Amino acid sequence: MTWGAVLLVTAVVWAVSVIRSVRVRAFVYSLPLPMTLALLTTGHRVDGPQLLGVVGLNLFFVTVAVTHRRLRWPILLADLAGVAVYVALSAGVLAAPVPFEVALAGTVALWALTMVLLRRRAAAAPPPEPADARRDGLAAPVKLVVIFVGALLTGLLGELLRGMVVTFPYSGVLVAVEARRQLAEFSRHFARNSLALIGFLAGHHYLQDTSPALALAGGWAAFALVSAALHLPRRRPARPAAHPGPERAAPRPGGRPLPGPERSAAT
């Protein structure tokens, strides 16, 4: 991992640490900045395994959320469990070739099924309590050093994963620490944003034989298009307004009522 990549991961995690809205946090984390830098610096191609790496990213956050929130593991131990799940998935994915179109259809279908299940669960569940977005007690310089060192260590681990390094959760390990009080909600928002990451990888895949710059431009264009479709407000059809009948004029004080429309027509 280059020093530029370490600085980029540090910047992403720092931005997430100062944002209070969990929805915005998840969107900032879903920006394919580490993927872009990994593609530029490693020369790996985007194929089926990278699409399954997006599934691995979601499994990472689900594992951290379950082990930390339900099993009450310390957040760093939960992080290690999430990384272990991602590494295990990567080993299985790299063991056999995965056609890109098969992986694309499978990941999109899995995303759609996940969205249906999350909506049903949200409809049946009671209203969630407000998430605690308090910041930890670390001073800003100390936090910056911790983020920087953590980004370097996770980058060294990611180098062992060959092509799966493209989707390795470099910043996710530290983002999970920052969002530990909002992990469940963060995971739901990130799962929704994952479709845009799939779009980024698909756009890059179909243009990677032209030039690296054009492939990245196509990937970012696909990411922006899918993100807009996911997040822009949808216009609801306006209900037709009721047309009231003709109003009668108000009578003058102490006088006779003014003739209505039907009386005027008769005269």
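General observations
- Protection proxy ranking, peptides 91-102, 168-179, 50-61, 184-195, average beta carbon neighbours within 10 Å, highest first: 168-179, 50-61, 184-195, 91-102
- Cβ-placed point charges (K, R +1; D, E -1), dipole of segment 1-81 about Cα centre in debye, nearest 20: 380
- Compactness relative to 2.2 N^0.38 Å, alpha carbon Rg of segment 3-105: 1.19
All of the numbers you see were taken from the coordinates with simple rules; none came from a lab. Being a predicted model, the structure only gives us computed values, none of them experimental. We place every Cβ from the backbone using ideal geometry, glycine too, and count neighbours over all the protein chains shown.
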